[in-house]
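> Before we start, here is the structure in question, set down as structure tokens.
Read-outs throughout are calculated quantities, based only on the coordinates presented, and are distinct from any laboratory measurement. No experiment lies behind these values; they were computed from the predicted model shown. Backbone-built Cβ (ideal geometry, glycine too); neighbour counts: all protein chains shown.
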């Protein structure tokens, strides 16, 4: 059997990878190829193009991706559909690209299953009518999606959300805290600045400034930054090491470390930071857990000795970096500061109160204002979208100031009734995502479609 799977950005790649694993389990003799990235590649899908850098927010970012997708990727897709003639074409989200692919697939007489079709989050309206006409089957995560698409004439099945299958912490809280030298009895604030370089660039400085303000209201707070697989941990570390007050905090540590102690510190970094260091470079973990290049430290300390302007040891909150442990951060934090996106739904699954935010470039800010800002949409956080009300705070663009972030975070941290109510609301969102097994149910739909059956999923 030959199956083509076309996904777009990171979330689609994860969904496609899980689907490919189930297809391989259910049907060993299956050839899979298409568009995706690391997750689909690891699942044995032959990639004709890597989608890792395709994610875009808004018209401005999308326009920058268009020429590559239109003139480089689409011709490869068309050639594959023509020459390989897959038994089923599986499309995952990414409507701006995948709807045109659906048109081409149907024109070629191929069977199409759209997994997470455009408009999945909508409860009313005719958006997706063309998809309902083009696709032989639709697999949707929510019952309200099924109702809307069925009204548009689609052959649609609710399979649940595959995110339920993958959000699982790997460490206990004690193990997590021990790995990074954190105190399990003190508040932990998780910072999730996003999976795109532009998101980290635009949001990380604001998150760091907000962490200082949070510490003024909760002096025992500790901070951990989740570094997405698509982001270099050194990029995030640079934001921390650029804060000049940091170097005053490590002055005594650096000069008191013996050679043996330095070796221990280095071994601990390389052993426990889950790939934090992308290249071998001698660095120091401060008492706050921040990675500092030795040459930067020495240069700054020399300047500090000359100026004798040493700041307070409380200027930089305890902050550590963790790569590859996103779900552990979500599970073991008391409050999360999360970039709007799939991560907000993952956090809802573990029930951790969060502040959802988004800050983009100046061009994105201009686009946001020209398009009417929040007048055009009630919510951007996925938990709020599903609940159809504001159950976690949202701060968008200019609203996402350090003061506003800190105020909302401290309310979730210190106001116990608010924390309890938020957790209950997030548990209700969790129930809307359905039971585990979405990937298997969708894989069976693919096999049924390939065999000529157009019935409901098993």
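> Note the full-extension length gain between residue 121 and residue 216 as 0.36 nm times their separation in residues minus their Cα-Cα distance, in nm to one decimal.
Taking 0.36 nm per residue and subtracting the Cα distance, the gain is 30.4 nm.
> While we're here: Using 0.36 nm per residue of separation minus the Cα-Cα distance, give me the extension gain between residue 129 and residue 178 in nm, one decimal.
Gain on extension, residue 129 to residue 178, equals 12.4 nm.
> Quick one: if you stick a label point 7 Å off each Cα along the C-beta vector at residue 399 and residue 209, how many nm between them?
Inter-label distance under the simple model: 1.8 nm.
> Cβ neighbours within 10 Å, averaged per peptide: list 86-96, 318-328 in order, most packed at the top.
86-96, 318-328
> Still on this structure, please answer the following. Computed over the Cα atoms of region 116-171, what is the convex hull's projected area averaged over all directions, in nm²?
For the Cα atoms of region 116-171, the hull's average projected area reads 4.0 nm².
> At a Förster radius of 22 Å, what calculated FRET efficiency corresponds to the Cβ-Cβ distance of residue 79 and residue 46, to the nearest 0.05?
According to the calculation, E is roughly 0.95.
> I would also like to ask the following. If you rank 415, 13 by fewest surrounding Cβ atoms within 10 Å, what's the result?
By the 10 Å Cβ count, ascending, the order reads 415, 13.
> Sticking with this one: Which of the peptides 217-223, 104-110 is most tightly packed, and how do the rest follow, judged by the mean count of other Cβ atoms within 10 Å per residue? The partial results should precede the final answer.
Values: 217-223: 18.1, 104-110: 15.1.
Top to bottom by mean Cβ count within 10 Å: 217-223, 104-110.
> Any idea what Rg and Dmax come out to for region 148-201 if you just take the C-alpha atoms, in Å?
Rg then Dmax for region 148-201, in Å: 19.6, 56.
> Using the beta-carbon distance between residue 186 and residue 238 and R0 = 35 Å, what value does 1/(1 + (r/R0)^6) give for FRET efficiency, to the nearest 0.05?
The value I calculate is 0.85.
> Can you order the peptides 174-183, 36-45, 384-393 by their average number of other Cβ atoms within 10 Å per residue, highest first?
36-45, 384-393, 174-183
> Which whole number in µm²/s is D for region 37-179 by Stokes-Einstein, with the Kirkwood Rh taken over Cα pairs at 10 °C and 1.306 mPa s?
93 µm²/s
> Still on this model: Figure the gain on full extension for residue 421 and residue 24 (residue separation times 0.36 nm, minus the Cα-Cα span) and round it to one decimal in nm. Present the calculation step by step, with values, prior to reporting the outcome.
Numbers: separation 397, 0.36 × 397 = 142.92 nm, distance 4.20 nm.
That works out to 138.7 nm of additional length.
> Working only with C-alpha atoms, what are the Rg and Dmax values of region 403-442, expressed in angstrom?
Cα-based Rg and Dmax for region 403-442 come out at 15.4, 45 Å.
> So what's the projected area for region 379-447, the Cα convex hull averaged over all directions, in nm²?
That works out to 6.4 nm².
> If you don't mind, there's one more thing I want to ask. Treat each spin label as a single point 7 Å out from the Cα along the C-beta direction, and report the residue 170 to residue 147 distance in nm.
Simple spin-label model gives 4.0 nm for this pair.
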